[in-house]
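Here the structure comes first, spelled out in structure tokens, and everything after it is commentary.
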Amino acid sequence: MRARIALALLVVLGAACAYVPVDVESDAVAVSRSRTWTWLPRPPVAHGEAAFALVDERVRAAVERDLAARRFKKVEKERPDYLLTYYAALDKPIESAAITYAAGVPMTAKLVPSYPQGSLVIDVLDAKTGKLIWRGVGRRVFDAKQTPEERKERIDDAVASVVDEFAPS
């Protein structure tokens, strides 16, 4: 009996640890039938940015895994439906103006002045127009005191939470 109670308690505590608060900054997007996507090209990580390089690797792997689980296909040579990119506020806030595209923010976006340190912002753009159509923000993802294992787990949890808001399973 005690073992069952302890197991139930561990499951509840584990689920509580996995929770990542997510804000969505646009209305629901009608996900296309073909569901193809690719990463928005971005410059390579500069030499010496080892912390970000590791975060980049982990975020990309988590996004690719979670979208594949929802039957999205990453394409390299054909034209995708969506372009994805992300921003990580590792050690300081990100000013929202710094990541607003020339195409503008979503028409229904809740304009915020900045995203606090620890945020993971995932943007989805329409590949045909280049316009930002959806933005999901995971809060309290990054913490300077995290171990590498804790950071990986938190990134996985945040990406799963944000992707689930974009494309529920």
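The values are calculated or read from the model by the stated rules, or taken from the named source; none is laboratory data. The model shown is predicted, which means the values in this text are computed figures rather than measured ones. Reconstructed Cβ throughout: ideal geometry from the backbone, glycine too, with neighbour counts over all protein chains shown.
Among the residues of the stretch 129-162, just one is closer than 21 Å to R70 by Cβ and assigned to a loop (DSSP other than H, G, I, E, B), namely V141.
If I ask for residues that are in a helix (DSSP H, G or I), under 12 Å from W39 (Cβ atoms) and either of a type in the set (G, A, S) or in contact (Cβ under 8 Å) with a residue 24 or more places away in the chain (or both), which ones from the stretch 62-75 would you list? V63, L67 - these are the residues of the stretch 62-75 that are in a helix (DSSP H, G or I), under 12 Å from W39 (Cβ atoms) and either of a type in the set (G, A, S) or in contact (Cβ under 8 Å) with a residue 24 or more places away in the chain (or both).
Table: residues versus (1) within 10 Å of the chain's Cα centre (by Cα); (2) farther than 18 Å from K92 by Cβ; (3) surrounded by fewer than 17 Cβ atoms within 10 Å (Cβ to Cβ); (4) in contact (Cβ under 8 Å) with a residue 12 or more places away in the chain.
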| residue | (1), (2), (3), (4) |
| --- | --- |
| G130 | no, yes, yes, yes |
| I133 | no, yes, no, yes |
| R140 | no, no, yes, yes |
| D143 | no, no, yes, yes |
| Q146 | no, no, yes, no |
| E150 | no, yes, yes, no |
| D156 | yes, yes, no, yes |
| V159 | yes, yes, no, yes |
| V162 | yes, yes, no, yes |
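Condition check: under 20 Å from G138 (Cα atoms), buried (at least 19 other Cβ atoms within 10 Å of the Cβ), touching a helix residue (DSSP H, G or I) at 6+ places or on another chain (Cβ under 7 Å) and at pLDDT below 90. Does Y86 satisfy that? In short, no. Within the stretch 111-124, residues that are assigned to a loop (DSSP other than H, G, I, E, B) have Cβ atoms under 6 Å from residues that are of a type in the set (V, I, T) and at pLDDT 90 or above in these pairs: G118/V141; S119/V137, counting only partners at least 6 apart in sequence or on another chain.
Yes or no, residue by residue, for (1) hydrophobic (A, V, I, L, M, F, W, C); (2) modelled with pLDDT of 70 or more; (3) under 20 Å from A144 (Cα atoms):
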residue: A15; (1), (2), (3): yes, no, no
residue: W37; (1), (2), (3): yes, yes, no
residue: V63; (1), (2), (3): yes, yes, no
residue: R71; (1), (2), (3): no, yes, no
residue: V75; (1), (2), (3): yes, yes, no
residue: E95; (1), (2), (3): no, yes, yes
